[in-house]
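Trainee: Pasting a structure below so you can have a look.
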Amino acid sequence: MKTCNNDDEESAMAALECLNAIQTILQAISERPELYPPVEEVLLPLMKLTLSDEFADFFEDGVKIITFITFYSDTISPAMWSLIPLMHARFQACTEFMEDFLNPLDNYISRSTEHFLTGGPYLPMVSDMYNKILTNPAEKENTCIDACKLIEVVLLNCRGRLTNILSRTARSRWPVSRQQRETHSSVCSLELP
């Protein structure tokens, strides 16, 4: 006789297998970008669910799907842009998600720079993610590195357009080394020219 717990485990395993199958399909059609918009339309509710607290077990697979779509589609649709605020909200709950968000955010920024800068509050959200990590002395070193990689993507793709936009938020104070993070004794300042 199965218990409710076993049913839940089986359902979770089946859901993970479905997410893996979706990733396999997205990989298989990667050379046919015209197929992504209709697939995206069907998968959007699923992507939103995987970014919610309720479906945290499926978070990584959902982010991989977002990464596929933002990388292989000819353009990034407004519906896909609506996921950035959800990613930002999820990040607020746990900064360790920075590693997972790095690839899809890189795709948004590098493949649609103009929309990233002018289409919504995306730059302030990314700046907030960066600052939240680098101003926290207790943050793990790998997470700090991922935050630096993210802001590097912004700086490289938005060259010459950030002076006024990032002047307030890019002046982050962050500990230089693990030892200094632990003692909180020394910080350096990151300033944009």
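The values are calculated or read from the model by the stated rules, or taken from the named source; none is laboratory data. These numbers come from a predicted model, not from an experiment. All Cβ positions, glycine included, derive from the backbone under ideal geometry; neighbour counts span all protein chains shown.
Trainee: Would you mind telling me which numbered condition in (1) more than 18 Å from PHE101 (Cα to Cα); (2) at pLDDT below 90; (3) among the small types (Gly, Ala, Ser) ALA56 fails?
Mentor: So the condition that ALA56 fails would be (1).
Trainee: Does any residue of region 129-143 turn out to be part of a helix (DSSP H, G or I) and within 12 Å of the chain's Cα centre (by Cα)?
Mentor: So far as region 129-143 goes, yes, one or more of its residues are part of a helix (DSSP H, G or I) and within 12 Å of the chain's Cα centre (by Cα).
Trainee: Moving to a separate point now. Any chance region 80-99 includes a residue that's in a loop (DSSP other than H, G, I, E, B) and modelled with pLDDT of 95 or more?
Mentor: Yes, region 80-99 contains a residue that is in a loop (DSSP other than H, G, I, E, B) and modelled with pLDDT of 95 or more.
Trainee: Now for a separate question. Taking the criterion of being under 19 Å from ASN103 (Cα atoms) and among the β-branched types (Val, Ile, Thr), would at least one residue in region 30-44 satisfy it?
Mentor: no
Trainee: Additional query: Can you find even one residue in region 102-111 that is over 13 Å from the mean Cα position of the chain (by Cα), modelled with pLDDT of 95 or more and either crowded, with 19+ Cβ neighbours inside 10 Å or at negative phi (or both)?
Mentor: Within region 102-111 (the criterion being over 13 Å from the mean Cα position of the chain (by Cα), modelled with pLDDT of 95 or more and either crowded, with 19+ Cβ neighbours inside 10 Å or at negative phi (or both)), the answer is yes, since at least one residue qualifies.
Trainee: Something else now. Counting just the residues of region 28-65 that are acidic (Asp, Glu), under 18 Å from LEU16 (Cβ atoms) and surrounded by 14 or more Cβ atoms within 10 Å (Cβ to Cβ), which one comes out farthest from the chain's Cα centre (by Cα)?
Mentor: Selected residue: ASP61.
Trainee: Answer yes if at least one residue in region 135-155 is modelled with pLDDT under 50 and either within 27 Å of ILE76 (Cα to Cα) or among the acidic types (Asp, Glu) (or both), and no otherwise.
Mentor: Checked region 135-155: no residue is modelled with pLDDT under 50 and either within 27 Å of ILE76 (Cα to Cα) or among the acidic types (Asp, Glu) (or both).
Trainee: Then there is this: One residue is enough: does region 114-122 have a residue meeting the conditions crowded, with 17+ Cβ neighbours inside 10 Å, among the polar types (S, T, N, Q) and in a helix (DSSP H, G or I)?
Mentor: no
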